[in-house]
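In what follows, a structure is listed as structure tokens, so that the remarks can point back to it.
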Amino acid sequence: MQLTEDQIYRYSRHILLPEVGGVGQKRLLDSKVFCVGVGGLGSPIALYLAAAGVGTIGIADSDQVDISNLQRQVLHYTEDIGKPKTHSAQEKLEKLNPDVEVIAYDSLITKDNIRDIVRNYDIIVDGSDNFPTRYLVNDACYFEKKTLISGAIFQFEGQISVFKPHKGSACYRCLYPEIPPEGMMPSCQEVGILGAVAGTVGTLQAVETLKEILEIGDSLEGRLLIFNALKMTFDSVKVNKHPQCSLCGENPSIKEVIEYKQPECDFEDSTPS
């Protein structure tokens, strides 16, 4: 495929970058990314991927827009209250960039459909709002050999990492083997979240996604990036593949995607483990 004159102008700031150029921009246009959630994290993720010209973006979310979302979920406006989040998000993304095909999944992601969905995409970006979905997506990415870019936020903090167990590095379970007990982690409804923290972490997830597609820079594979907004610090810790991991270890006990019970807490906006 050749870039049109309009595309050359639209993506000119990308094309000027030696690491991207016209070849890289065509690679972005040919790529397919699946975003799990279009809330606090998913909003900036999807916005920046669409603006960058990622050709196909799948978005999944079973929630409707609530007025309390608008403090941080920047894809949704006051007029969208009551709409399915996928519909609201799809409208904005298609208006932002007509080059992008947006595929909306407004039903729940379950063990019965997750693998069929993720196998159609190159990269999976997790901005989900609860632990069962996070583990479900991780397991499906492992079985389908897909790169997973995971992010989480809580109050003034955030975490980002890239998981590629199919290439020999850690999966999410190597870092967090089990879902926390019910009620152990307070929800953002109980303790709050600074809205701009969601924007920071979601944008970093988008950056990592674009780097993976373009195959440039140093990946967060094998590292966990920890952001503290109050101190304005970024720390990085090593994440090793765990030989006893129940999913990707030497003797795994998990042989297929498992359906997890939702915890009693409403983990709004991706509480980190």
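Rule-based calculations on the coordinates, nothing more; no lab input. Owing to the predicted nature of the structure, the values given are computational and were not obtained by experimental measurement. Backbone-built Cβ (ideal geometry, glycine too); neighbour counts: all protein chains shown.
Descriptive notes on the structure:
- The helix-based estimate of mean residue ellipticity at 222 nm for the chain, built from -39,500 (n - 2.57) per DSSP H run of four or more residues and divided by its residue count, is -9500 deg cm²/dmol to the nearest 500.
- Taking the average, over residues, of other Cβ atoms within 10 Å as the packing measure, peptides 128-137, 42-51, 71-80, 21-30 rank 42-51, 128-137, 71-80, 21-30 from highest down.
- Listed pairs K85/K231; K211/K255; K92/K145; K145/K211 exceeding 23 Å between Cα atoms: K85/K231; K211/K255; K92/K145
- Share antiparallel - DSSP beta bridges, the stretch 31-238, percent rounded to 5: 50 percent
- Pairs from K164/K238; K95/K146; K26/K241 whose Cα-Cα separation, in the structure shown, is over 26 Å: K95/K146; K26/K241
- Structural size metrics of the stretch 123-219, computed from C-alpha coordinates, are Rg and Dmax of 13.9, 41 Å.
- Where only alpha carbons of the stretch 31-238 are counted, the Rg and the Dmax (Å): 15.8, 46
- Here the Gaussian network model covers the chain, with springs between Cα atoms less than 10 Å apart; of L17, L41, L148, L17 fluctuates the most.
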